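Remarks on the structure that follows.
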Amino acid sequence: LQDLGIKPSLIIPKPKAHEASYNKFVPSHGKDLLVDIGYESTMFCFFRKGQLWYVRNIAMGGSNLSKGLDKEIKKNENIVKKKLENMGKPPVINEKIKDKLFKLSVKSNPILDIFSGEVRKTVEYIKNEFAIEAIDNVFLCGNGSLNEGLKENLKTVIGKSYDLIYPIFKPAYKISDYIDFVSPFGSALYLSDKFNLIPKRYKESWQFNYLK
């Protein structure tokens, strides 16, 4: 930032930016999970009565889901082309077959299965750790949340559908234009007092004082 000539007056941790956006854009608060699917990572934020209780990051995002889908499409296309060749037909796939292969590939995307497993693991941990029977609402944001097949897969994993969370503008807008603006807008909305991520016991240790 210094090289760019930018002098930030305040640095906001991403989970707190999500908390600010959540409290602004979600009208009623319960035991809710916000899932921010970025390009190469995903952040899970669990809220209870408007307050952030738990954060988890995984090194998997929208690009992984897209690459997994592309690989699955190519694999299925090669299988069809080989079958056509064995039948003595030219290995040309028409648009109708391509559409069917796409839908099949979405369902069989192995990366989507791995991602869904991480979602399931996160949900189960939250339920056990905070002694709750179920999560009330699931909100998705980040450009990766628009990936094909994600909605149906998460509904199976979590047992309910989800809502997209994004800033609302007028006149008409497209969700895809603003779905990845939740974190930046949360930073601008953050008005709470400063807080410190360093535990008090560590601040009092000799290691911390040595580093100062």
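The values are calculated or read from the model by the stated rules, or taken from the named source; none is laboratory data. This structure is a prediction, so every number in the text was calculated from the model and none was measured. Here Cβ is always computed from backbone atoms with ideal geometry, including for glycine, and neighbour counts include all displayed protein chains. Note: accessible area is taken over every heavy atom of the protein model, side chains too, but ligands, DNA and RNA are not part of it. Shrake-Rupley method; radii C 1.70, N 1.55, O 1.52, S 1.80 Å.
Test I168 against the criterion of being of a type in the set (V, I, T), under 22 Å from H18 (Cα atoms) and at pLDDT 75 or above, and give yes or no. Steps first, answer last, please.
Values: of a type in the set (V, I, T): yes; under 22 Å from H18 (Cα atoms): yes; at pLDDT 75 or above: no.
Considered against the rule, which asks whether it is of a type in the set (V, I, T), under 22 Å from H18 (Cα atoms) and at pLDDT 75 or above, I168 comes out as no.
Kindly indicate the residue of the stretch 58-105 that is farther than 30 Å from I37 by Cα and not in a helix (DSSP H, G or I) and also farthest from the chain's Cα centre (by Cα) among those meeting that condition.
Across the stretch 58-105, the extreme among qualifying residues is G88.
Residue-by-condition table, conditions (1) small (G, A, S); (2) modelled with pLDDT of 85 or more; (3) over 16 Å from G144 (Cβ atoms); (4) out of contact with any helix residue (DSSP H, G or I) (no Cβ under 8 Å at 6 or more places or on another chain):
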residue: H29; (1), (2), (3), (4): no, yes, yes, no
residue: Y39; (1), (2), (3), (4): no, yes, no, no
residue: T42; (1), (2), (3), (4): no, yes, no, no
residue: I58; (1), (2), (3), (4): no, yes, no, no
residue: D70; (1), (2), (3), (4): no, no, no, yes
residue: K74; (1), (2), (3), (4): no, no, yes, yes
residue: K100; (1), (2), (3), (4): no, no, yes, yes
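Checking the conditions here, which among N153, N137, N147, N143 is modelled with pLDDT of 85 or more, closer than 27 Å to S21 by Cβ and not aromatic (F, W, Y)? If you could, list the steps in order and put the result at the bottom.
Working: N153 fails: modelled with pLDDT of 85 or more; N147 fails: modelled with pLDDT of 85 or more; N143 fails: modelled with pLDDT of 85 or more.
Exactly one residue qualifies, and that residue is N137.
Here are the criteria: (1) of a type outside the set (S, T, Y); (2) within 14 Å of the chain's Cα centre (by Cα); (3) open to solvent by less than 50 Å² (accessible area, probe 1.4 Å). Tell me which single one K14 does not satisfy.
Among (1) of a type outside the set (S, T, Y); (2) within 14 Å of the chain's Cα centre (by Cα); (3) open to solvent by less than 50 Å² (accessible area, probe 1.4 Å), the lone unmet condition for K14 is (3).
If you check every pair at least six apart or on different chains, which have Cβ atoms under 7 Å apart with a residue in the stretch 21-33 that is without any contact (Cβ under 8 Å) to a residue 24 or more places away in the chain and open to solvent by 60 Å² or more (accessible area, probe 1.4 Å) first and a residue that is basic (K, R) and not in a strand (DSSP E or B) second?
Close Cβ pairs satisfying both conditions: H29/K49.
Scan the stretch 107-126 and give yes if some residue there is modelled with pLDDT of 80 or more, in a loop (DSSP other than H, G, I, E, B) and loosely packed, with under 14 Cβ neighbours inside 10 Å, otherwise no.
No, every residue in the stretch 107-126 fails to be modelled with pLDDT of 80 or more, in a loop (DSSP other than H, G, I, E, B) and loosely packed, with under 14 Cβ neighbours inside 10 Å.
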